[in-house]
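A.B. asks: First the structure, then my questions, so here it is.
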Amino acid sequence: MLILLIILCLAAGSATDTGNICVVRTASDLAAGKPERAVGTLLTVACAASVIFAETTFGWQRYPAPWSYPTLFTVAGAAVFAIGALVNGACAIGTIGRLARGEVGYLATLAGAAVVTFLIAPIAAPVEASGPSLMTGANWLAIVIVTATLAIGLGRHLLSLRSLAAYGVLGLAAASLAALRGDWTWLGVMQQLRDGMSPDVLAILCLGAFIGGAAMTAMFRHRFHVVWPDRNAVLREGAGGGLMALGTILIPGGNDGLLIRGVPSGSPLALAAYAVMFTLMIAMIRLLPLFRRWAAWPQWRTS
């Protein structure tokens with residue numbers, strides 16, 4: 001099991017550097033009239049959904065995706081998370097991707113998230129009672145197939161085969177990890193520690209392998225450059241990390257967990273949170289030049 005998890009994390013990390021699914025980047029490109037990144041995200045979701053459907057059908061999962069309904073906390077949390085990700089210049093997934101490319105300042109994002117998680121917001125938001133997915137079997141599989149087919153039909157004209165393959169590998173590997181280990185994202189691990197749970201050594205190893213896979217791929221493709229932090233940027237990234245952590249507590253769940261576990265399962269909470277998050281980001285990028293500048297940092301454009 002350990003070997004399998006490490007291989008999956010290395011594959012997912014490597015795919016992240018090739019086809020990053022940062023929601024800030026996706027929203028920025030979509031707001032600028034470039035749908036390539038949005039198509040890539042859709043492909044990733046479709047692939048992850050296929051895996052979630054398979055584990056629901058054949059019963060090999062250890063941690064099925066949560067199924068619950070949205071509340072006002074969900075909407076508020078998605079809005080707070082969206083603002084935090086824009087302030088940070090990268091979402092939870094994008095933060096890891098930028099760290100793996102040598103942007104040391106993004107350690108401040110992790111620090112800001114840790115401060116909020118452990119000190120400022122120790123109480124989790126209430127969530128509606130959850131249960132098994134109400135849409136399983138042939139109905140959900142049909143939706144997955146139609147969505148993936150439409151996305152591939154559009155994506156093949158906009159993305160290279162390598163990018164399509166990277167999104168597919170990332171979706172499959174990340175969803176498999178979620179089914180085997182539950183929420184293994186860095187925001188998820190922080191919340192588990194906050195709730196008094198024992199450190200999940202395997203989850204920490206998964207995160208390390210994920211970052212390692214992304215960093216090694218960045219080095220191989222000559223994208224790794226150590227970028228020392230700027231004081232003003234560090235303060236902004238720390239604040240962004242704190243807001244993302246607060247949003248994760250309110251939803252509950254960060255954009256990475258929602259994408260690889262919640263949305264693929266058809267969870268109403270995840271679908272609502274991701275829709276609010278994505279729509280608000282696009283609106284703010286279009287309306288506010290400051291957010292537009294933060295969301296389009298030069299190093300992103302080298303990928």
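The values are calculated or read from the model by the stated rules, or taken from the named source; none is laboratory data. All figures in this text were calculated on a predicted structure; none of them were measured in a lab. Neighbour counts run over all protein chains shown; Cβ positions are idealised from the backbone, glycine included.
A.B. asks: If we scan the stretch 219-237, do we find a residue that is under 21 Å from residue 77 (Cα atoms) and modelled with pLDDT of 80 or more?
C.D. replies: For the stretch 219-237, residues under 21 Å from residue 77 (Cα atoms) and modelled with pLDDT of 80 or more: present.
A.B. asks: Let me ask something else about it. Could you tell me which residue of the stretch 84-121 is farthest from residue 208 (Cα to Cα), considering only residues that are β-branched (Val, Ile, Thr) and surrounded by fewer than 19 Cβ atoms within 10 Å (Cβ to Cβ)?
C.D. replies: Top of the filtered list is 120.
A.B. asks: OK, next. When you check residue 54 against the structure, is it under 21 Å from residue 178 (Cα atoms), modelled with pLDDT under 70 and buried (at least 22 other Cβ atoms within 10 Å of the Cβ), yes or no?
C.D. replies: Taking the combined requirement at face value, the residue does not satisfy it.
A.B. asks: Something else now. Mind checking which residues of the stretch 258-271 are in a helix (DSSP H, G or I) and under 20 Å from residue 40 (Cα atoms)?
C.D. replies: 258, 259, 260, 261, 262, 263, 264, 265, 270, 271
For (1) buried (at least 24 other Cβ atoms within 10 Å of the Cβ); (2) more than 13 Å from the chain's Cα centre (by Cα), each residue gets a yes or a no:
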position: 235; (1), (2): no, yes
position: 240; (1), (2): yes, yes
position: 244; (1), (2): yes, no
position: 251; (1), (2): yes, yes
position: 260; (1), (2): yes, no
position: 266; (1), (2): no, yes
position: 271; (1), (2): no, yes
position: 275; (1), (2): no, yes
position: 279; (1), (2): no, yes
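A.B. asks: Turning to a different aspect of this structure: Using the structure shown, decide if residue 81 is buried (at least 21 other Cβ atoms within 10 Å of the Cβ) and at pLDDT 75 or above.
C.D. replies: yes
A.B. asks: Out of all the residues in the stretch 184-214, which are surrounded by fewer than 23 Cβ atoms within 10 Å (Cβ to Cβ), not in a helix (DSSP H, G or I) and not hydroxyl-bearing (Ser, Thr, Tyr)?
C.D. replies: 195, 196, 197, 199, 200 - these are the residues of the stretch 184-214 that are surrounded by fewer than 23 Cβ atoms within 10 Å (Cβ to Cβ), not in a helix (DSSP H, G or I) and not hydroxyl-bearing (Ser, Thr, Tyr).
A.B. asks: Right, something else. Among the residues of the stretch 215-257, write down those that are in contact with a Ser or Thr (Cβ under 8 Å, 6 or more places away or on another chain), in a helix (DSSP H, G or I) and more than 24 Å from residue 278 (Cα to Cα).
C.D. replies: Passing the criteria: 216, 217.
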